[in-house]
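The values are calculated or read from the model by the stated rules, or taken from the named source; none is laboratory data. Just so it is clear, the structure is predicted and the values come from calculations on it, not from any experiment. As a convention, Cβ positions derive from the backbone with ideal geometry for all residues, glycine included, and neighbour counts pool all protein chains shown. What goes into the accessible areas is simple: the full protein's heavy atoms, side chains included, and nothing from ligands, DNA or RNA. Shrake-Rupley method; radii C 1.70, N 1.55, O 1.52, S 1.80 Å.
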Amino acid sequence: MSKYLFFRTDRIGDYIFSRMIVDTIKKNNPNSQIDFVCSEYNSKYIRNFSDIKKIYILDKYNFTSLISNFYNITKEKYDYLIVLDGKRRSIFFSTLFPNIKNKIALVKNFRPKILLNFFFKKYIINSEINSQFENFTSLINYLNFKVSAKINYYQNYKLKFTDKILLPKKYTMLHLDEKWFEGYYYDDFKYMNLNTKNFSNLIKTIKKKFNKSIIITTGYIKTSQFKSIKDKFFIKKNNKYIINNFKKNKVLLLEDISFQSLEYLTSKASEIICCEGAISHVSNGFNIKTYALIENFVTAKFWTNHMKNIHLIRRSNIKNICNDLNKLK
């Protein structure tokens, strides 16, 4: 039985993508042990996968935790240590385990050069020259495995919807997280200026194109822009928020739901409209048709090149987005 220790201390979407590596190893070597070093934030999510045996939390501000994790990792006698997040803290922490001979790192650039040369058996430049899928494939090939023709990103994961709400049989999902609104994400991104004046145009475009009920979900960051939209358009009825001036199909707003509930909703949607990120990795995992807003195609291709059921839309104002959405099949 081989033992693998992965470092993935970044975001949930990054971990979901990493499941292609876990899935490949498990299909080729079912008895292998796969453990993760992660952050406090993503540890709560990773624990939902039953094929991950042990989780270590890397917290640079908690010295006691570092010592405890160091001791526990040393006891396990891992065959492979693989840094997937490319973070310097992960690379530095990895150097403390001379007993693990096979150390591999994915890094954006060749730094810190001395540590990589001296402590790691293999490093892979994780740049945008290749897609993330291709870089992961290089890692998998180095481990003497081949990528499966069909990757199950949600193997050994139990979907659940915790909200007691009756969902429509068919619906289009619109995920309005903080990436839609200026002031909550990258400063140099183009923003859609989604407000109370053009929100109804977006909803009408989606309803006309897909002719289904719409479920709107939000991110965990509250935005003042969406609060204004909610106050103007939605009413609370039977313990849920709806827009009730559409005769045939409903528009339902679900706020403050867990990420697991968000995954469940995504898995049952006919299609989803969102900004590219964790949610598009989820929709890809369930092969749901996805219309994803992106800043530029070069960066987007790095993350989405492996996705077979995705349509990319450049971030712009709502009018342009509606026009682009109508042009796509």
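Can you go through 106, 116, 81 and tell me which one is in contact with a strand residue (DSSP E or B) (Cβ under 6 Å, 6 or more places away or on another chain) and in a helix (DSSP H, G or I)?
116
For residue 188, work out the one condition from (1) modelled with pLDDT of 95 or more; (2) assigned to a loop (DSSP other than H, G, I, E, B); (3) farther than 18 Å from residue 266 by Cα; (4) in contact with an Asp or Glu (Cβ under 9 Å, 6 or more places away or on another chain) it doesn't fulfil.
Exception for residue 188: condition (1).
From the list 73, 16, 46, which one is open to solvent by less than 20 Å² (accessible area, probe 1.4 Å), closer than 22 Å to residue 154 by Cα and either among the charged types (D, E, K, R) or out of contact with any Cys (no Cβ under 9 Å at 6 or more places or on another chain) (or both)?
16
Of the numbered conditions (1) in contact with a strand residue (DSSP E or B) (Cβ under 6 Å, 6 or more places away or on another chain); (2) of a type in the set (Ser, Thr, Tyr); (3) open to solvent by 90 Å² or more (accessible area, probe 1.4 Å), residue 41 satisfies every one except a single condition; which is it?
It is condition (1) that residue 41 fails.
Give all pairs with beta carbons closer than 6 Å in which a residue from the range 194-217 that is assigned to a strand (DSSP E or B) meets a residue that is surrounded by 14 or more Cβ atoms within 10 Å (Cβ to Cβ) and of a type outside the set (A, V, I, L, M, F, W, C); count only pairs at least 6 apart in sequence or on separate chains.
Pairs that qualify, where the first residue is assigned to a strand (DSSP E or B) and the partner is surrounded by 14 or more Cβ atoms within 10 Å (Cβ to Cβ) and of a type outside the set (A, V, I, L, M, F, W, C), are 213/168; 213/171; 213/249; 213/250; 214/172; 215/171; 217/175.
Only one of (1) out of contact with any His (no Cβ under 8 Å at 6 or more places or on another chain); (2) crowded, with 18+ Cβ neighbours inside 10 Å fails for residue 218. Which number is that?
Status for residue 218: all satisfied but (1).
Would you point out which residue out of 240, 268, 289, 250 is of a type in the set (D, E, K, R), modelled with pLDDT of 95 or more and closer than 14 Å to residue 216 by Cα?
Answer to the selection: 268.
Please work out which residue is nearest to residue 178 (Cα to Cα), limiting yourself to the range 225-238 and to residues that are without any contact (Cβ under 8 Å) to a residue 12 or more places away in the chain and not hydrophobic (A, V, I, L, M, F, W, C).
227
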